[in-house]
Amino acid sequence: MIVPVLLTALFLVAGTGARLLLALPHLAALLGTVAAGAAIAAMAGLSRSEALAARIAVPVLFGALLLWLWEILVVGFAVPSVILPPPSAVAVAFFSNLDVLGADFRQTVLRSVLPGYALGCGSGFLAALAIVRSDFLKRGLMPLGNLVSAMPIVGIAPIMVMWFGFDWPSKAAVVTVMTFFPMLVNTIAGLNEAGAIERDLMRCYAAGPWTTLLKLRLPAAMPFVFNALKLNSTLALIGAVVAEFFGTPILGMGFRISTQAARMNMDVVWATITVTALTGSLSFAAIAGLERVVTFWHPSFRAR
Amino acid sequence: MTKAKRIAIRILPIPTVLLALLIVWYIAAIFLNADQAQSLMDPDAPQGFAAVARATLSMDRPVLPAPHQIAASLWDSVFGWPILSPRNLIYHAGITAGAALLGLAFALVLGIALAVGIVQLRVLDRSLMPWVIGSQTVPVLAIAPMVVVVLGNLGMTGVLPKAVIAGYLSFFPITVGLVKGLRSPDPMQRDLLHTYAANEAQVLTKLRWPASIGFLFPSLRVAMSLALVGAIVAELPTGAQAGLGARLLAGSYYGQTIQLWAALLMAAFVSLAGLGAIALLQRATIAARGGRL
């Protein structure tokens, strides 16, 4: 265990040295090679261990290596920041534009994505509950739902902007439509998941349709519902940001990306991308955590 | 139950639902367009419900075009012009589908390479796999336009930037599906190959790869629709002259709602064609492998 940790320290020291010595290209290249080699050797050593700390350390180290390579290559080869700004510049832009990024976050995530997400997922879920009672509707709507989920629904963004105006309602509408069908299809599939034996057991208990739904079919559907929730959390962000390309008040992450890209302020663009990435990953992690709590009985969580 | 009756029960619901959808659409079109239609009508003309309803279904720039208007526009733009004319929707669909296909090819190469690396090398599995999964949570599509601008600055124009975005979007499902598939042979089968003194490469080509084909097709379906979405969105911001995304943007700029819906419907057809092609490919693969996957 001690060798990989030492190698990681070597990577950090040599990496920082290479970054500082970029004015002396030969020394920097030498140090950089040593640093990258140390990081790769450390990852190889750590990935033999089963300890939790090692399992977390390897991807973190890999991410650090990628970021560092990005920084040193961009600065070393003097890549114009119009094409790719170094991570340090992005970090500076991120922290010096916190107020602007915060306002964009409020406009796009809190006012467009969240209502749309809640409305789309909620109505998809309720529609599935209604549809699953009728075999005829299920047979008719399932193929259509599957089809619509495979379609480029982002295309309705311009139509929604035309209908609901430039502000957040149009974005929320796009998000609603985008998240509705995955939720519908997944919930129906999940509600059908409960096996015939379990349903017969419920009949033996003289359970009515509501009790069966509440005690058997809904819990059995939960893994599918969470699958849709996770899928939709990314879709919702995409929908809102893309809809902002079609017209928006002077606020929002999509607006920021398109205008700052046009003005060649790539560091601000990348800072906004960092915000979307953080939002996406954090909401995904939150839903995954909730899933672990709700569907603790599922084999994929019981295993360890 | 006779066979005909069973088929009827399976097939009948779809047209019924479609018919209901059409009826709802017409009613919605009448109500959504009513205000605009009334303001456009001759004030002296009779203003009964029937007259207004008729007007709402034949407007130039309706809020919601009626299905027959979209169908007429689609028909005209597909059959009314030569295939290579910029007024022909097939031409635009072809450009977008070409970018999506090229992107899908990139995604296949990258996805297969990554999956084999992840399955074969423990370091890659531990270091790369969390990032591959994590990157799915990032709304890549939202930054697609910027990628197009950056690649344009590097001198890459035309179909290539669009294909890069389509490929970047669609390689995730392929990688994840293939990793699952390459790991699907159970230890007993691997032990058998071990007793044959098969090396890693032979285990890969003779056992793991054939076992993973069944996992490839569902991934390919997801990847196909993602590639199409990527290609369309990549056309939006850069003032692309051709492609379904450009048609969507032009339609929204000039308020040509009918053209907008026609382009949207065309995108749906392209997506359907892709799903159909993958289904055919799957069927051919099953046939070539003696009836199973």
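Every read-out reported here was derived from the displayed coordinates using simple, explicitly stated rules and does not represent laboratory data. Everything quoted here is computed from the prediction, not taken from an experiment. Here Cβ is always computed from backbone atoms with ideal geometry, including for glycine, and neighbour counts include all displayed protein chains.
What to note about this one:
- Cβ crowding within 10 Å, taken as a proxy for footprinting-reagent exposure, orders B:Ile14, A:Ile197, B:Ile90 from fewest neighbours to most as A:Ile197, B:Ile14, B:Ile90.
- Across the cross-link table entries B:Lys162/B:Lys206; A:Lys230/B:Lys180; A:Lys215/B:Lys3; B:Lys3/B:Lys180, which are compared at the Cα atoms, the separations over 29 Å belong to B:Lys162/B:Lys206; A:Lys215/B:Lys3; B:Lys3/B:Lys180.
- FRET E, pair A:Leu110, A:Asn192, Förster distance 30 Å, beta-carbon r, rounded to 0.05: 0.25
- Fully extending the segment from A:Leu201 to A:Val79, taken as 0.36 nm per residue of separation minus the present Cα-Cα distance, adds 37.2 nm.
- Rel. contact order, % - alpha carbon contacts under 8 angstrom, at least six apart, chain A: 19 percent
- Computed over chain B: relative contact order in percent, which uses C-alpha pairs under 8 Å that are six or more apart: 21 percent
- Taking 0.36 nm per residue of sequence separation and removing the Cα-Cα distance, the A:Phe136/A:Leu27 pair yields an extension gain of 31.9 nm.
- The shape of chain A comes out oblate: with a ≥ b ≥ c from the C-alpha gyration tensor, a/c is at least 1.5 while a/b does not beat b/c.
- Radius of gyration and maximum dimension Dmax of chain B, Cα, Å: 24.9, 93
- In nm, spacing of pseudo-spin labels at B:Ala198 and A:Thr211 (7 Å Cα→C-beta vector): 5.4 nm
- Cβ neighbours within 10 Å from other chains - mean over A:237-247: 5
- Taking B:Ala246, B:Ala34, B:Ala97 as the candidate residues, the one with maximal mean-square fluctuation in a Gaussian network model of chain B, Cα springs under 10 Å, is B:Ala34.
- Highest mean packing comes first when the peptides B:272-281, A:185-194 are listed by Cβ atoms within 10 Å, giving A:185-194, B:272-281.
- Convex hull of Cα atoms in the stretch A:51-194, direction-averaged projection (nm²): 14.2 nm²
- Annotation: peptides B:252-259, B:184-191, ranked by per-residue average of other Cβ atoms within 10 Å with the highest first, follow the order B:252-259, B:184-191.
- Per-pair calculated FRET efficiency, R0 = 22 Å: B:Lys5 and B:Ala273 via Cβ, rounded to 0.05: 0.10
- Overall form of the stretch B:202-250 per C-alpha gyration tensor (a/c, 1.5; a/b vs b/c): prolate
- Approximate spin-label separation B:Ser85-A:Leu52, in nm, with each point projected 7 Å along Cα-to-Cβ: 6.8 nm
- Rounded to 10°, Cα long-axis angle of helix B:13-40 versus longest principal axis of chain B: 40 degrees
- Springs between Cα atoms under 10 Å define the GNM used for chain A, and in it the highest mean-square fluctuation of A:Phe94, A:Phe11, A:Phe125 occurs at A:Phe11.
- FRET E, pair B:Arg122, B:Ala20, Förster distance 45 Å, beta-carbon r, rounded to 0.05: 0.25
- Mean separation of Cα pairs under 8 Å and 6 or more residues apart, divided by the residue count, gives the stretch B:149-293 a relative contact order of 25 percent.
- Take each residue in A:226-236, count the other chain C-beta atoms within 10 Å of its C-beta, and the mean is 1.
- Shape class of the protein assembly as shown from the alpha-carbon gyration tensor: oblate, with a/c at 1.5 or above and b/c at least as large as a/b.
- GNM top mover of B:Leu19, B:Leu84, B:Leu216 - chain B, alpha-carbon springs below 10 Å: B:Leu19
- Fewest neighbouring Cβ atoms within 10 Å first, the residues A:Cys204, A:Cys121 line up as A:Cys204, A:Cys121.
- As a rough footprinting exposure proxy, the listed residues A:Glu50, A:Glu244, A:Glu198 were ranked by other beta carbons within 10 Å of their own, and the order from fewest upward is A:Glu50, A:Glu198, A:Glu244.
- Look at the stretch B:120-128: the mean tally of other chain Cβ atoms within 10 Å of its residues' Cβ atoms is 6.
- At least 15 Å along the helix axis (C-alpha) and Kyte average at least 0.5, DSSP helices within chain A: A:2-20, A:25-46, A:52-76, A:114-131, A:168-191, A:218-245, A:266-294
- By the helix-only formula, in which each DSSP H run with n ≥ 4 contributes -39500 (n - 2.57) and the sum is divided by residues, chain A has a 222 nm mean residue ellipticity of -25500 deg cm²/dmol.
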